[in-house]
Amino acid sequence: KISKLKEPRGRVRYLNIEERERLLVACKDSTNNHLYLAVVLALSTGARQQEIWDLRWSNVNFETGFITFTETKNNEFRSVPLEWHARELLLGHSKIRRIGSDLVFPSKKNPVVRHDFRDPWNKALVVAEVEDFRWHDLRHSCASYLAINGVPMLTIAEILGHKTLSMVQRYTHLSTEHLKEAVSDMN
């Protein structure tokens, strides 16, 4: 007859505009030449850390403008648009591919092993003075930016690969403008 404690809601930490700019500058200035691209890809696709770090050239289609993530958390393929700056950066990066590896970010020591961005990522966070932020929060940032820009929940769920809309609902409070528009249209 003991009541259960309430579980905390899922973490929703995303970069505000100033933090995002500082972090991107720190990533661009990093001694790691690929950190900036990896972070831009994460912010623009909402992909998980493993999906970005394990990304393969065979899953990037510049003609259609899509990246297909095959190694996903729920083991289902997910295609995400590759647009604007992320596309330009990745296209430039494709011209200096490492021979003998299909990985977009191969390790310097062993081209068949993915690169580990942990150290340069942590250094960039310190330089950018961004606190309480994890790589996974780049995914939250992407979802938050989509919600703020009025992208429908179903579309956000599809981009992020969420199975249920309840996972996406944590971002909807960020954009209440659509509620005003709905009531205004009704009246």
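The values are calculated or read from the model by the stated rules, or taken from the named source; none is laboratory data. Small disclaimer: the values here were computed from a predicted structure and weren't measured. So basically every Cβ, Gly included, is an ideal-geometry build from the backbone, and we count neighbours across all protein chains shown. Surface accessibility is based on the protein's heavy atoms, side chains included, excluding ligands, DNA and RNA. Shrake-Rupley method; radii C 1.70, N 1.55, O 1.52, S 1.80 Å.
Regarding the range 103-111, can at least one residue be identified that is within 13 Å of residue 34 (Cα to Cα), part of a strand (DSSP E or B) and touching a residue at least 60 places away in the same chain (Cβ under 8 Å)? Looking for residues that are within 13 Å of residue 34 (Cα to Cα), part of a strand (DSSP E or B) and touching a residue at least 60 places away in the same chain (Cβ under 8 Å), one finds none in the range 103-111, hence no. Only one entry of 69, 62, 105 meets the criterion of being buried (at least 21 other Cβ atoms within 10 Å of the Cβ) and farther than 26 Å from residue 147 by Cβ, and that entry is 105. Just one of (1) part of a helix (DSSP H, G or I); (2) touching a residue at least 12 places away in the same chain (Cβ under 8 Å) fails for residue 21. It is (2).
Taking the conditions (1) surrounded by fewer than 18 Cβ atoms within 10 Å (Cβ to Cβ); (2) modelled with pLDDT of 95 or more in turn, residue 84 satisfies each one other than (2). Number of residues in the range 25-37 that are without any contact (Cβ under 8 Å) to a residue 24 or more places away in the chain and either within 15 Å of the chain's Cα centre (by Cα) or assigned to a helix (DSSP H, G or I) (or both): the value is 1. Filter the range 72-93 for residues that are under 25 Å from residue 144 (Cβ atoms) and assigned to a loop (DSSP other than H, G, I, E, B) and give the result. Selection gives 72, 73, 74, 76, 77, 82, 83.
Restricting attention to the range 120-151, the residues that are open to solvent by 80 Å² or more (accessible area, probe 1.4 Å) and part of a loop (DSSP other than H, G, I, E, B) add up to 5. When residues of the range 38-50 are filtered for being open to solvent by 10 Å² or more (accessible area, probe 1.4 Å) and part of a helix (DSSP H, G or I), how many remain? Residues in the range 38-50 being open to solvent by 10 Å² or more (accessible area, probe 1.4 Å) and part of a helix (DSSP H, G or I): 5 in total. Residue count for the range 1-17 under the criterion of being open to solvent by 100 Å² or more (accessible area, probe 1.4 Å), of a type in the set (Val, Ile, Thr) and at pLDDT below 85: the result is 1.
Just to be sure, is residue 79 of a type in the set (Gly, Ala, Ser), under 28 Å from residue 26 (Cβ atoms) and free of Cβ contacts under 8 Å to residues at least 40 places away in the same chain?
On the way: of a type in the set (Gly, Ala, Ser): yes; under 28 Å from residue 26 (Cβ atoms): no; free of Cβ contacts under 8 Å to residues at least 40 places away in the same chain: yes.
No; evaluated as a whole, the condition is false for this residue.
Inspection of the range 54-69 identifies no residue that is more than 14 Å from residue 159 (Cβ to Cβ), in a helix (DSSP H, G or I) and among the basic types (Lys, Arg). In the condition set (1) under 12 Å from the mean Cα position of the chain (by Cα); (2) modelled with pLDDT of 95 or more; (3) of a type outside the set (A, V, I, L, M, F, W, C), residue 48 is compliant with all but (2). The one condition from (1) at pLDDT 95 or above; (2) under 22 Å from residue 156 (Cα atoms) that residue 29 does not meet is (2).
I'd like to verify a number: residues in the range 154-171 that are at pLDDT below 90 and crowded, with 17+ Cβ neighbours inside 10 Å, how many? Walk me through how you get there before you give the answer.
Narrowing the range 154-171 to residues at pLDDT below 90: 161-171.
If we keep only those that are crowded, with 17+ Cβ neighbours inside 10 Å as well, we get 161-162, 168, 171.
Total meeting the criteria: 4.
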